[in-house]
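Report on the structure given below.
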Amino acid sequence: MQPNSVMPTRIAVDAMGGDDAPEVVVEGAALALCAEDRDVALLLTGPEDTVRPHVERLDRSLQQRITVIDAPDVIGMHESPGTAIKTKKASSIHVGLGLCKAGKAQGFVSAGNTGAVMAGALFILGRLPGIARPSVIGYFPTLKGTCILLDVGTNVDCKAEHLVQFARMGAVYAREVLGMSEARVGLLNVGEEPGKGNELAKEAYQALHQADGLSFVGNIEGRDVMAHAADVVVCDGFAGNILLKFGESVASILPKMIGAEMMRLGMPAEEQAIVAKALGGVRARFDYKEFGGMPLLGVDGSVLIGHGGSDATAIKNMILAADTMISHKVSERIAASVQNTHD
């Protein structure tokens, strides 16, 4: 190694995470390693005798950038997260997060048991200083690109100060990862006026309005989200999860409804094909594979959680998103953002 050479970013990958692991995880890892302008090395955690044969099928140049870390236990998708993390310390999730804690990896990605990844991140990595509630974000396609929503289910019961922290974390992520120079923050509510909503919404409005360093644009309604009324939309996890799941249903149900209507109207097949192609383009913008996974913001590290049905493309994008979070020092900037409010 040359004296001034830069070490690659080391990312731990849960090789047993997802419905089709480890095959698609290894395939996704290979795709990430082939991405241009990315210097990453991957540590795949899982039972070595299960994972290594898949790695050995890769080109040797890729094999040299992958290290298989033996983690003989696997946490199932339906296991109790807290119990599994505490009792299965040799699991692929526990070992991967442990590599981050020990400084041997700079980020961790998994399409495994979501609750176990969140519980493990809190238990092993801990919260960033000043963060009360780490939060998972969701993505919404809009007329102007993408906005992010948090919380989407991690915290169903919140206080106003939690929503302010969500706003700060989301604003940092929007700036550093999504390239929004001044992330505009909106509060999800039942009306635009300051006095609208339940007690949480009213208190959160005042807290966000008074918060330093935030570009708060006020209340926004559900119909305003996809019109891109804000770059960062904050709410408690109860409302956020409902909104996110509704958005997912629109992406899958609307094309079917339009297809049925085209059949009813007797549209020619070639016209139906054109409409279907356009709808396919819109639907693709809702596809979680494009983002890979959802970052868990507020923990002391870079952690991304993927969908259990992730394919190789989703795994690749999740790894690349982790690399971006690490290179842009998202966790450090979140900690600094919160610390500045306490000084």
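Quick notes on this structure:
- Verdict on ALA132 being at pLDDT 95 or above, outside any helix (DSSP H, G or I) and among the small types (Gly, Ala, Ser): no
- Taking segment 247-343 and the helices (runs of 4 or more DSSP H) fully enclosed by it, the elements with 3 or more residues that are in contact (Cβ under 8 Å) with a residue 24 or more places away in the chain and out of contact with any helix residue (DSSP H, G or I) (no Cβ under 6 Å at 6 or more places or on another chain) are at 312-327, 330-342.
- Failed criterion for ALA171 (all others in (1) under 17 Å from VAL152 (Cβ atoms); (2) surrounded by fewer than 18 Cβ atoms within 10 Å (Cβ to Cβ); (3) of a type in the set (Gly, Ala, Ser) hold): (2)
Conditions (1) crowded, with 24+ Cβ neighbours inside 10 Å; (2) of a type outside the set (D, E, K, R); (3) outside any strand (DSSP E or B), marked per residue:
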{"residue": "CYS147", "(1), (2), (3)": "yes, yes, no"}
{"residue": "ARG175", "(1), (2), (3)": "no, no, yes"}
{"residue": "GLY179", "(1), (2), (3)": "no, yes, yes"}
{"residue": "HIS228", "(1), (2), (3)": "no, yes, yes"}
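- Scope segment 149-169; condition in a strand (DSSP E or B) and within 19 Å of VAL109 (Cβ to Cβ); matching residues: LEU150
- Among the residues examined, LEU125 qualifies as hydrophobic (A, V, I, L, M, F, W, C), under 26 Å from ILE85 (Cα atoms) and more than 15 Å from the chain's Cα centre (by Cα).
- Yes/no for ALA15 being surrounded by 19 or more Cβ atoms within 10 Å (Cβ to Cβ) and touching a helix residue (DSSP H, G or I) at 6+ places or on another chain (Cβ under 8 Å): yes
- Selected residue (only one of LEU43, LEU62, LEU58 is surrounded by fewer than 22 Cβ atoms within 10 Å (Cβ to Cβ), of a type in the set (A, V, I, L, M) and under 16 Å from ALA90 (Cα atoms)): LEU43
- Selected residue [among the β-branched types (Val, Ile, Thr) and farther than 21 Å from VAL117 by Cα] from VAL13, VAL25, VAL40: VAL40
- On the stretch given as segment 212-226, residues that are at pLDDT 95 or above, more than 30 Å from ASN317 (Cβ to Cβ) and surrounded by fewer than 19 Cβ atoms within 10 Å (Cβ to Cβ) total 2.
- Options ARG184, ARG223; residue that is charged (D, E, K, R) and in contact (Cβ under 8 Å) with a residue 24 or more places away in the chain: ARG184
The values are calculated or read from the model by the stated rules, or taken from the named source; none is laboratory data. If you're wondering where the values come from, they're calculated on a predicted model, not measured in any experiment. All Cβ positions, glycine included, derive from the backbone under ideal geometry; neighbour counts span all protein chains shown.
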